[in-house]
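Only one structure is covered here, and it is reproduced in the block below.
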Amino acid sequence: MFFYLIVFFSAGYVALDMLHHRWRDKRTPARAMVCKLKVLCGAIGFMYLRPVLQGFASSHPALALAALAGIAALVANAHGYRPAARAWLAVRWFFIIALPLTSIWFVAFYNTKDDCARVISDARIRPLLSTCAPHTVDNLPQQFPNQNWKAVLRSIQPRSVFLSTTPGLAYIGTGNEEEHEPVQILGLVQRSSGRLLRVENTPAVFRGFCDPATKKCTAAISGASALYVFDDATGKREKTIKFPVRPRFLLHPPDSRILYIGGDRDPIVSMFDLDTFSVIKQGRGLAFYRKQALKCLGDDEDQGMTFMAFNTKTRELNITPECPIYNTLLIRTSENIEKSTHHDLGFFNHLWSMGYFMGMEIDPDLNEIYITGTLSGSIFVYDYTTMKLKDTIRIGVGIRETDYDPKRKLLFAGHYINGFLYVVDVRGRAVRGRIFIGKRNRQLLFDPATNRVLTTSANGFLDVDVSEF
């Protein structure tokens, strides 16, 4: 949908500008209306095209400069245009040149994988399930013998990773909730060798959590709108819980027997009891603001995404709704999800971020909350109590998932476009270092016991040593 809007408004501006220029009678109301529509289409088209252009320019700066030089040359040699009209002509050529360039880049980005050598040659990275390391996928054909494994591995989509209660083991999940591939995997891997110990075909797992107390695991199956509860030792599924919304995020606060489940519409948060394996409360109405539901999280919508973080000092749950329309940055609710307050980012920052807020971390000791604006390329630093913007750490369009090391005050952030895992010093407000993991990062998880980050990319599932930072 995002890309379709870019094409619609950009092409609309080009068509309207050409019509406006060729209109002979300049005093007709119809021409004035075309001019207004042209300006509107241009503004909206640029708003949607801007983050794609920034992503393209960051990965191909020479091509971006060549395109700008080409536009300048075309406008400089345009005969018959008054100086004021040349500005509109420059915008027209901007869309005509930028749209196909970014379209080709967009398609190529989603259909190519990174060079495996760049990942495998880094001693800090261990492949878990990766096409870059054949030994990690060798026994998959034995599990599913009737599949074309060349095709399966070419289209495999690493989705989620979470820790087993057994040290040294982790679960991985692949798949796409919208397109049902022939094999979508929930597997148990040995982190030291990448060897796949157990695997089953299951719909895409968005998130998962294994409870050390009961030795049971809960997996959020977004495409099936269900939760799977299974035994960590045997992998046997013990319970399937149908959910009223698509579960897309799981959060377990320390010293709690509650697992918070984030959905894609109302109720955006539910409370799951880890002892009885049942949903004990649903936070209906939390997304309501000024007596109206946020459109992207309403009863009839299924496109929202909620990320959550818990403040261990104030015992509050914080939620970032993926709302492109409304100026709501954060919903804050009590531990029992009964009441909520809404906090805004500010109109221009919201417009620049286009409402897409993804990763969120909290440091109770510093009294700060860190929220990632994917399409603005920034990590916003807020005072937790007042929700006043204190600082902005700029990294680049495409910054997405995050996790946090409270001891070293380091924030780990994955970049969806350029393929780097960034290590950010939140006290110094600076990037301390970065490690290339591959494009299309969807999730990362910091394991404090090993000082490593488990993450996903187009190169598969990776276990990354971050102890040097």
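In table form, for the structure just shown:
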{"item": "Ratio Rg/Rh, restricted to segment 359-430 and using Cα atoms, in which Rh is the Kirkwood radius", "result": "0.94"}
{"item": "DSSP loop GluC sites (Glu not before Pro) with at most 16 other Cβ within 10 Å excluded, longest remaining stretch of the chain", "result": "1-177"}
{"item": "Förster radius 35 Å - calculated FRET efficiency between Ala84 and Asp391, Cβ distance, rounded to 0.05", "result": "0.30"}
{"item": "Expected 222 nm ellipticity per residue - DSSP helices of 4 or more, -39500 (n - 2.57), all of the chain, to 500", "result": "-8500 deg cm²/dmol"}
{"item": "Low-density loop cleavage sites - trypsin sites (Lys or Arg not before Pro) in segment 377-420, where at most 10 other Cβ are within 10 Å (DSSP)", "result": "Lys388, Lys407"}
{"item": "Order by protection proxy (mean Cβ within 10 Å, highest first), peptides 159-170, 11-22", "result": "159-170, 11-22"}
{"item": "Value of relative contact order over the chain, rounded to a whole percent, pairs C-alpha under 8 Å and six or more apart", "result": "10"}
{"item": "Modelled FRET efficiency - R0 30 Å, Cys116 with Arg432, Cβ distances, 0.05 increments", "result": "0.70"}
{"item": "Stretch gain in nm, segment Arg315-Glu335, where the contour uses 0.36 nm per residue and the Cα spacing is subtracted", "result": "6.6 nm"}
{"item": "Helix runs (DSSP H) in the chain reaching 24 Å along axis by Cα, Kyte-Doolittle at least 1.0", "result": "2-22, 83-111"}
{"item": "Charge-dipole axis of the chain as Lys and Arg at +1 and Asp and Glu at -1 on Cβ define it, positive-most pick from Ile125, Gly12, Leu351", "result": "Gly12"}
{"item": "Förster radius 35 Å - calculated FRET efficiency between Glu468 and Asn367, Cβ distance, rounded to 0.05", "result": "0.80"}
{"item": "Inter-label distance for Arg237 and Ala66, nm, one decimal - labels placed 7 Å from Cα along Cα-to-Cβ", "result": "5.1"}
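Read the figures in this text as sums done on the coordinates, not as results from a lab. Here the structure is a predicted model, which is why all the values come from computation and not from measurement. Cβ coordinates were reconstructed from backbone atoms using ideal geometry, including for glycine residues, and neighbour counts include every protein chain displayed.
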